[in-house]
Amino acid sequence: MIGAPFLVLGLLLTLSAFVGARLEGQGRGAVATVFLAPLHPATWSALAAILVGFWVELFAFTAIMTLLSVGASILVIGVGFVLIGVGIELARAIARTERRRATWADPTPLHAHPYRPYGNGPRDLILAVFLDINRWRDVVYVLIAFPLAVLEFAVVVALWAVALVLASLPLAYVVGDLPVQIGAAGVQAEAVVILGTLAGAGMLVVSAVVTRGLMTLHRAVVAGLLCVSERRALEARVETLEVSRRAVLDVEATELRRIERDLHDGAQQRLVMLSMQLGLAAERIDSDPAAARDLVMDARDQARLALAEIRDLVRGMAPAILVDRGLVAALPALAGRSPVPTIVASELPDGLRLPDLIERGAYFVVAETVANVAKHATATHCEIRVRLDGGRLIVEIEDDGVGGALALPGGGLAGLADRVEALDGTLTVTSPAGGPTVVRATIAIPVQGASVGQDPR
């Protein structure tokens, strides 16, 4: 029983050294790479991650265990549930920090496991916090990671301390401050310094290899408890794309049916009337010129109305200002036509052009949302906010209406969500009873997909 901790420590050191050696030995010049491990930036990133991780895990373990234990002891008065919920959410924040720390030595991205959304009411919030399996996995990680962080911290500090002490023997020899009476033992001080320096150099290599190996093992723990596997992430991505593809096909079919219906019931009927009136005018032009003239005037009115309906139909698909000048100029024009007072707060630079699909998708989201505000929200004010966040376009529409908007299957908001997902984006709706309602669309922009002063299409 006494030797069990030492056995565990020995196995951990052996495994970390093996993993670290595999990491250092990748590619050409494996031996040289291993010996140069102390100079590799990833070694120092791993060392910093382990040193910082000890204090992060110490704080996390202390705070979360305190909240959970105190909360469990006072459950009967109700406050305990609040403390436990705070502890669970703190574990989620620690998990986010740990995923970032795990990428210090290895920049390969880690995909966080999905969390249950908070929803719009107290019931949804309680279910999300207490019944989400992934939040409890975060708590389990904190309980497991603390002893691992302590062990990693102790091992790397001990190894690097010994390595630095041995490697500093030449300096101690020069200043005459060797810690032992070497001459009295009949041993040449120079020999001890040389051997100690060689041992220190070897310990530096071992320390570097073990440090990277320990961080690699810790990253494996993070990936196992706090992340979804790369295969699962790809499967989820494929599923999302399949759903988006079906949604796009459905939206396209619906849009085609709408265009066909609008053309048949509007412009087509007026063109038929125009043809009939011109035919009657041709028959009466000799016998009754005045009546023929009236028919021609009526036909001209029908032609003007048909052109207006076709223009409105085309504007609904792609307004001329959007095609010619882009999203930055099209949104103020859209806001000016809204029956609800609407302002545009755009952080996009003037002349910015985005890919055609991105601009059309964002415009459609704004147009449909503003139309819904006018029809259903009973709002007195609406604001459109647009900005770039890294490689994403963020579009937010907020109104001060009655709230209570829901993205129900088959509804308008669900259709908007399908359109945005087809553009590799997400759409969220926050609409508590009494308002305000915020519709937020996040659309990914392809690399080099934006330009200023030119049309990238």
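Among 394-406, 359-371, what's the highest-first ranking by average C-beta atoms within 10 angstrom per residue? Before the final figure, lay out each step's value.
Working: 394-406: 19.8, 359-371: 21.5.
Result, highest mean first: 359-371, 394-406.
Please work out the ratio of the alpha-carbon Rg of segment 52-140 to 2.2 N^0.38 Å and round it to two decimals.
Details: Rg = 14.4 Å, N = 89, 2.2 N^0.38 = 12.1 Å.
The value comes to 1.19.
Based on alpha-carbon positions alone, could you give the equivalent ellipsoid semi-axes of segment 320-452 from the gyration tensor, as √(5λ), descending, whole Å? Can you show the working numbers first?
On the way: eigenvalues 113, 57, 29 Å².
Semi-axis lengths for segment 320-452 are 24, 17, 12 Å.
Take segment 380-443, drop everything but the C-alpha atoms, weight them equally and run the Debye formula without solvent; then report log10 I(q)/I(0) at 0.14, 0.22, 0.28 Å⁻¹ to two decimals.
-0.41, -0.92, -1.18
Cα centroid distance between segment 361-379 and segment 88-128, in Å?
Cα centroid to Cα centroid, the span is 32 Å.
Just want to confirm a number: the relative contact order over segment 320-452, from Cα pairs under 8 angstrom separated by 6+ residues, in percent.
In percent, rounded to a whole number, it is 25.
Taking amide H atoms as placed 1.01 Å from N in the peptide plane, list the residues 5 or more away in sequence, or in a different chain, whose amide H sits under 5 Å from that of S346.
Amide H neighbours of S346: V386.
Quick one: which residues, 5 or more positions from G425 or on another chain, have an amide H under 5 Å from its amide H? H modelled 1.01 Å from N in the peptide plane, none for Pro or chain starts.
A444
Laboratory data are not the source of any read-out in this text; all were calculated from the coordinates shown. Computed from a predicted model, the values in this text were never measured in an experiment. Positions of Cβ are backbone-derived with ideal geometry, glycine not excepted, and every protein chain shown enters the neighbour counts.
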